[in-house]
Every structure is written in structure tokens, then in C-alpha cells.
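K.L.:
Sending over a structure as C-alpha cells; questions will come in a sec.
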Amino acid sequence: MNSFTKERYIASFGDLFEHSSWIAEAAYHKRPFDSLEQMHAFMIKVVEQSDEEKKMTLLCHHPDLGSRLTMSEHSVNEQKGAGLGTLPAAEQQELSRDNDRYKGKFGFPFIIAVKGKTPEEIGKALKERLEHTPEEEFRTALEEVYLISWYRLTSWMEQNMTEERV
């Protein structure tokens, strides 16, 4: 990673944060990294040091769970792995209604790291988080974004770094 050109680095890590390659681009300038964890921490720091509007834009780049709309390849695979792409119609409608309530209350889509979660666990978390204050939920959503990006980064490592070294 430390030897990647800027173009290769952004191509590899630009989608760790949904449609927000500006995060990887800013972290690129912090190389060399001692570890994957350090690189990810720099990316989180980039987000944390951003203004609220930029953070909100980051949150809004995430798709609605169970949506049939265009999503990044990462989101498609993550939601498929959680069984959200094959929900029965009634469950899909309930998820859609709850998503609409959530988005209406908080101004961004419900974001949760779905890896290892069932549709039932996701639906329960959505209902519980609808009870949060806007401030609590903004922070919770960012923490979920960080977890999602970590899962994506470790998945990338598993797929690509068997032959390369940091």
C-alpha cells in the first residue's frame, strides 16, 4: 500500500467509504503507514476533522437498506450477504416504511454494518435507533460507517494482499 501510486491507492481504497474517495485521497498524503489499522485510523481522522455538512454528505451517500436503487458494488454484496435482497414483499415494505421514517427524522438513510446480521436483527436495530436523538444517531451512524469501512478494508486485504506486502 505504501508503494501504491496515488491513482492505484484511490482505485483500491476510494470506495471504503461509500462514494467518498476524498477520504482516501486525504489519507494518501499521510503515508507511509505502519499498519492497516493506522491507515484506517487516518481515514477516520479525516472524517472526524471534516465539518458537519461534509459528514452529512458522507452519510447521505449510503443507500437505503433493502433498496432496489443503484448502489456501490460493496453495498450490493453486503446487503445480499445479510439477506436483504431476497426479503418477502411484506418484510420489504416494512423495512421501506421504517427507512422512510428514519430518513424523515434524521435526514440521512439508516446505516448499519450488516456483516453477520440477520434481517431480523437489522430490523430490530432500525426500530431501536428510531428512538435516538438526532445527535445520538448522527454519532451512531458515523460509527457504523467506520465499521463498514473497516470490514471493506479487511476484505480487500484478504483478496489482494496475499502476494503483496504493506
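K.L.:
In whole Å, how far is the Cα centre of the range 97-118 from that of the range 1-23?
P.N.:
Centre-to-centre (Cα) distance: 26 Å.
K.L.:
While we're looking at this one, here's another question. Which value in nm describes the separation of the simple spin-label points at LYS54 and SER3, placed 7 Å from the Cα toward the beta carbon?
P.N.:
Output for this residue pair reads 3.1 nm.
K.L.:
Rounded, prolate or oblate for the range 117-159? Axes are the square roots of the Cα gyration tensor eigenvalues, ordered a ≥ b ≥ c, and the cut-off for rounded is a/c under 1.5.
P.N.:
Oblate, because a/c is 1.5 or more while a/b does not exceed b/c.
K.L.:
Taking the range 89-166, which GluC sites (Glu not before Pro) meet the DSSP loop condition and have no more than 15 other C-beta atoms within 10 Å?
P.N.:
GLU131, GLU163, GLU164
K.L.:
Using a ≥ b ≥ c from the Cα gyration tensor of the range 88-140 (square roots of the eigenvalues), is it rounded, prolate or oblate, where a/c under 1.5 gives rounded and otherwise the larger of a/b and b/c decides, a/b for prolate?
P.N.:
Details: a/c = 2.27, a/b = 1.37, b/c = 1.66.
In terms of gyration-tensor shape, oblate.
K.L.:
Taking a cut-off of 17 Å between Cα atoms, list the aspartates and glutamates near LYS30, but don't count ones fewer than 8 places away on the same chain.
P.N.:
GLU7, GLU48
K.L.:
Separate question: How many nm is it between the label spots at ALA11 and HIS132, if each spot is 7 Å from the Cα in line with the beta carbon?
P.N.:
Reported label-point gap for ALA11 and HIS132 is 3.6 nm.
K.L.:
List the residues whose amide H sits under 5 Å from the amide H of LEU65, counting only those 5 or more places along or on another chain, with H placed 1.01 Å from N in the peptide plane.
P.N.:
PHE110
K.L.:
Per 0.36 nm of contour for each residue apart, how much would the distance between ARG139 and GLU158 grow if the chain were fully extended, relative to their Cα-Cα spacing?
P.N.:
Result: 3.9 nm gained on full extension.
Quick note: the coordinates plus some simple rules give every number you see, no bench work behind them. On a predicted model such as this, the values are computed, not experimentally measured, just so you know. With ideal geometry, Cβ positions are generated from the backbone for all residues, glycine too; neighbour counts draw on all protein chains shown.
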